[in-house]
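Structure, as structure tokens:
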Amino acid sequence: MGFTTLGFIARASRLRLKTPVIFYFAGGKVRGNSVNISESGMPAEFDRVPEVWLTGRILAQIGEWRLSTNVSVIRVDGRMTAFAFREMSDMDRTRIHKVVEDATEGLS
């Protein structure tokens, strides 16, 4: 039997981002505020917490542009809900990459 050391995958760079968000899902919607954003997802705080693995669409205003993309709830902790982006448009993916990259470079 062989033994393979598991490698660590670096966490995606994040940009602190507090902006209103709306999460639309089958049967309803919840409003809250984002905490930060990365190229892979966005955590947000809500008064009413959605269920884990629920899918839907998130809407947020980020600077001059509007993010409207499909998401899955991947984690819930208290009022905090973590979303993973799904099926993003190339334009949204490029914009998020640029915003996060620019913010990360500013910290160096």
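Readers should treat all values here as calculations from the given coordinates under stated rules, not as data from a laboratory. Source: prediction; values computed, not measured. When we count neighbours, we look across all protein chains shown, and the Cβ atoms used for this are built from the backbone with ideal geometry, even at glycine.
Diffusion coefficient of segment 15-106 by Stokes-Einstein, Kirkwood radius over Cα pairs, 4 °C, 1.567 mPa s: 99 µm²/s. Taken about its Cα centre, segment 15-106 carries a charge dipole of roughly 320 debye when the Cβ of each Lys and Arg holds +1 and the Cβ of each Asp and Glu holds -1. Near the amide H of Leu54, within less than 5 Å, lie the amide hydrogens of Val73, all on another chain or at least 5 residues away, with H placed in the peptide plane.
Here's how it looks for Asn33: its modeled amide H is under 5 Å from those of Val21, Glu45, which are all 5 or more places away or on a different chain.
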